[in-house]
Each structure stands twice: as structure tokens, then as C-alpha cells.
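Chemist: Structure provided below as C-alpha cells; questions to follow.
Taken together, the values in this text are just the output of simple stated rules run on the coordinates, not laboratory data. Since this is a predicted model, take the numbers as computed values, not measurements. Note that we place each Cβ from the backbone using ideal geometry, even for glycine, and neighbour counts take in every protein chain shown.
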Amino acid sequence: MRVKAGDRLIVAGGTDRIGVVLSALGPDGSPPYVIKWLKDGHIAMVSPDKYSRIVPAEHPAGTGLPPGAGA
């Protein structure tokens with residue numbers, strides 16, 4: 001998985017496990033990631049498992065915005 005700041009990390013197991021990537025500590029955007037959980041604003045370092053997904057910052061999925069409106 002490769003990310004950039006602003007991407008969203010979705011961890012399998014529920015809608016309360018969605019965070020915004022603040023930075024990637026590995027080379028070239030690889031884990032671990034520093035994220036801010038959307039549910040409570042907690043900032044954590046995360047190494048995602050194989051069931052986690054990355055949604056690019058510019059993709060509207062999960063933002064409540066219509067497709068094409070940006071994030």
C-alpha cells in the first residue's frame with residue numbers, strides 16, 4: 001500500500017475505523033502511517049493489514065459528496 005497525505009485509510013471491521021492519512025513514515029508512501037481517526041480525532045501510527053483499504057483524497061467515497069465534487 002502506498003499513500004499520500006489526505007488519503008483515507010479504511011480498516012475492516014466497521015465504519016468507525018476510518019482515518020485520514022497525515023503522513024507515511026516508510027519509503028515512497030509505504031507503512032507505517034500516521035493517521036487521524038474520523039470518529040474521535042485520535043492520532044495514531046498504524047500498519048494496516050491485508051483487509052485495509054486506501055481511498056485516494058480526491059475520491060468522493062465516504063465523504064457525503066456527490067461523484068465528481070471532489071473530497
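Chemist: Considering Cα pairs under 8 angstrom that are at least six residues apart, work out the relative contact order of the range 8-55 and quote it in whole percent.
Modeler: Result for the range 8-55 is 38 percent.
Chemist: Right, another one. So what J values fall out for the range 35-40 if you push phi through Karplus, 6.51 cos²θ - 1.76 cosθ + 1.60 with θ = phi - 60°, rounded to Hz, Gly and Pro as x?
Modeler: Going residue by residue, I get 10, 10, 5, 5, 4, 10 Hz, with x marking Gly and Pro.
Chemist: Shifting gears a bit: In nm, give the distance between the simple-model label positions of ARG53 and VAL34, each being 7 Å from the Cα along the Cα-to-Cβ direction.
Modeler: 2.7 nm
Chemist: With the crude spin-label approximation of a point 7 Å out along Cα→Cβ, what separation in nm comes out for ARG2 versus MET45?
Modeler: 2.3 nm
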